[in-house]
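Worksheet for the structure shown next.
The values are calculated or read from the model by the stated rules, or taken from the named source; none is laboratory data. Quick caveat, the model's predicted, so the values are computed rather than measured. Every residue, glycine among them, receives a Cβ derived from its backbone with ideal geometry; neighbour counts consider all protein chains shown.
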């Protein structure tokens, strides 16, 4: 929906918040090209201001939150400022402009996201006596806070990150959605509190004291772990974790953080029950359809990303029940084994969608490499992100602002092959030997690969990476506490991946790739509260059955997808010809591997190895010696990222 930011001075100093506000707005411009707004405030006074990108209709209109003068013309010094870059989706009129106020200008908010149940909440609040002057979900959120206080977070179904200023309480209340679809980073030091949707915006502020967080960097290079801990890739810049809120008391100058929601999960083992399963199937269909339909609420056209896999196909099938000839977007790789265009075409024929495709190449990646790294905000570990980036670029080129995507389904319904091992272990733990034997037979080679090779492969990769990194750098930091986990049940494993680990990383890529192109990505499986609670309440045996992953999802949503997709057993995701692309990148970007910025983190062996690779001059396409998530790719990314961050 947008980009948000803010600066609050807790102590008197010479900082001009007006200048800082414009720096932040410029850094977040890509997140909202439709409008720009500023709200400046001190304890007794406030002022709404506009910028160079503010629409004329947002200035000096009848709304109390309309912009009154250009921010450069604001003469008085204020202690705080909220910044909003708008991507107009719900109520595209000036009624959706932000920062917005309520309660005779007591409450002010800058809000990023969507409340998908805002229509239902608005009706509930109307019955409680509240009057609405706009059609926006932002006004619903403000009145929900007035009515329920911080408990309004328990009522919301959607994706969000927001900061709310309560002039009466002299508090700043900031919150993030349950699964982390929308980002929120903050800096709290030296009498300053600053926040933004992206860390590069905070890095752009000259008074923010930061440097590379080498602990987080070591986790990335050695463990493939990103944002497992609250301190970000930048020192003193913290991520507000999903399901948390913070309260900044402006009078007492204190910061309080609290987790407002938990994801309970069913850890009690129960065997497959046919009659109960049939009932749960119907419930699953209703919840999935409801989640998708609510995410079609928009005042602009809505499309979908289509990979040809189960999740995006289901979403497309549900959309087709409500919209004819909607647009679908796919990354295709002709003549490559990873190409999924056959399945995507089957879905297109099934739903009668308007199909748009893009075929990224290594040359495209080389040309876009710096922009890609800049867009993703923190280092990435795989070229697969580029396929997603190009799909979102295509979406923008087709003048679409909203797309639905399938992130989250695998973590709810057990879509990855590594979940097979956890499920078999759960069966064995409960002495279900016959069922375990049957499942192993049905799963086939997938299971034995996971059980006997995957852990060994991970350890070998760790050892290989460790040898190529600077020994002192490796020894200086321990692994994240949660990096090695053992799970007693499938649902426990799914919960671990769903909350703040695997899924959050994918959602970050989803947000940055889409918002870089001013596109809003909606994820029905990742942030629908009723659907998530239902999925985590299911027995493990409903999710993996007869060797089939996502069993209940497939069974309940079978009629929404073609048979060829329903019967798929492979799992690709945003796959790319990574090895070929990496070879071409290394050839064209070799100078990055000799950047002085990355030398402190790598051992001499790493540079010798890469130099030897080029000296041999016998590179073969698709035969690069390293595989997905290689240290060489990370080194290219890191050198580019450090340069972009001006380190």
(1) modelled with pLDDT under 90; (2) buried (at least 17 other Cβ atoms within 10 Å of the Cβ); (3) in the same structural domain as residue 344 (by TED's automatic domain parsing); (4) not in a loop (DSSP other than H, G, I, E, B) all hold for residue 473 apart from (1)
Given (1) under 13 Å from residue 583 (Cβ atoms); (2) modelled with pLDDT of 95 or more, identify the lone condition not met by residue 619. (2)
Can you pull out the residues in the range 50-63 that are in contact with a helix residue (DSSP H, G or I) (Cβ under 6 Å, 6 or more places away or on another chain) and crowded, with 23+ Cβ neighbours inside 10 Å? 58
Within the range 126-160, residues within 30 Å of residue 407 (Cα to Cα) and in a loop (DSSP other than H, G, I, E, B) come out as 135, 136, 155, 156, 157
Working only within the range 230-241, note down all residues that are buried (at least 18 other Cβ atoms within 10 Å of the Cβ) and in contact with a strand residue (DSSP E or B) (Cβ under 6 Å, 6 or more places away or on another chain). 232, 237, 238, 239, 240
Being under 23 Å from residue 391 (Cβ atoms) and crowded, with 16+ Cβ neighbours inside 10 Å narrows 554, 568 down to just 568
Among the residues that make up the range 339-347, is at least one of them under 18 Å from residue 515 (Cβ atoms) and either crowded, with 19+ Cβ neighbours inside 10 Å or under 23 Å from the mean Cα position of the chain (by Cα) (or both)? no
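Rundown of residues vs (1) over 29 Å from residue 474 (Cα atoms); (2) part of a helix (DSSP H, G or I); (3) out of contact with any strand residue (DSSP E or B) (no Cβ under 8 Å at 6 or more places or on another chain), yes/no style:
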| residue | (1), (2), (3) |
| --- | --- |
| 194 | yes, no, no |
| 200 | no, yes, yes |
| 205 | yes, no, no |
| 210 | no, no, no |
| 216 | no, yes, no |
| 220 | no, yes, yes |
| 228 | no, no, yes |
I need a count of the residues in the range 366-414 that are on the phi < 0 side of the Ramachandran plot, crowded, with 24+ Cβ neighbours inside 10 Å and over 18 Å from the mean Cα position of the chain (by Cα). 1
Identify all residues within the range 267-301 that are assigned to a helix (DSSP H, G or I) and either at positive phi or touching a strand residue (DSSP E or B) at 6+ places or on another chain (Cβ under 8 Å) (or both); write none if there are none. 292
Scan the range 84-97 and give yes if some residue there is at positive phi, assigned by TED's automatic domain parsing to the domain that holds residue 38 and either in a helix (DSSP H, G or I) or surrounded by fewer than 18 Cβ atoms within 10 Å (Cβ to Cβ) (or both), otherwise no. yes
Hey, any hits in the range 33-56 for a residue that's under 24 Å from residue 161 (Cβ atoms) and modelled with pLDDT under 95? no
Tell me, yes or no, whether the range 271-291 has at least one residue that is within 25 Å of residue 395 (Cβ to Cβ), under 19 Å from the mean Cα position of the chain (by Cα) and outside the structural domain of residue 115 (by TED's automatic domain parsing). yes
From (1) buried (at least 17 other Cβ atoms within 10 Å of the Cβ); (2) within 30 Å of residue 474 (Cβ to Cβ), pick out the condition that doesn't hold for residue 513. (2)
Output the residues belonging to the range 318-338 that are farther than 18 Å from residue 395 by Cβ and buried (at least 24 other Cβ atoms within 10 Å of the Cβ). 318
If we keep just the residues of the range 488-509 that are within 21 Å of residue 219 (Cβ to Cβ) and not in a helix (DSSP H, G or I), which is modelled with the lowest pLDDT? 500
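When you check residue 400 against the structure, is it part of a helix (DSSP H, G or I) and touching a residue at least 12 places away in the same chain (Cβ under 8 Å), yes or no?
no
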Residue by residue through the range 584-607, note down the ones that are in contact (Cβ under 8 Å) with a residue 60 or more places away in the chain, more than 16 Å from residue 637 (Cβ to Cβ) and surrounded by 16 or more Cβ atoms within 10 Å (Cβ to Cβ). 603
Select from the range 14-49 the residues that are in contact with a helix residue (DSSP H, G or I) (Cβ under 7 Å, 6 or more places away or on another chain) and free of Cβ contacts under 8 Å to residues at least 60 places away in the same chain and write down the one among them that is surrounded by the fewest Cβ atoms within 10 Å (Cβ to Cβ). 22
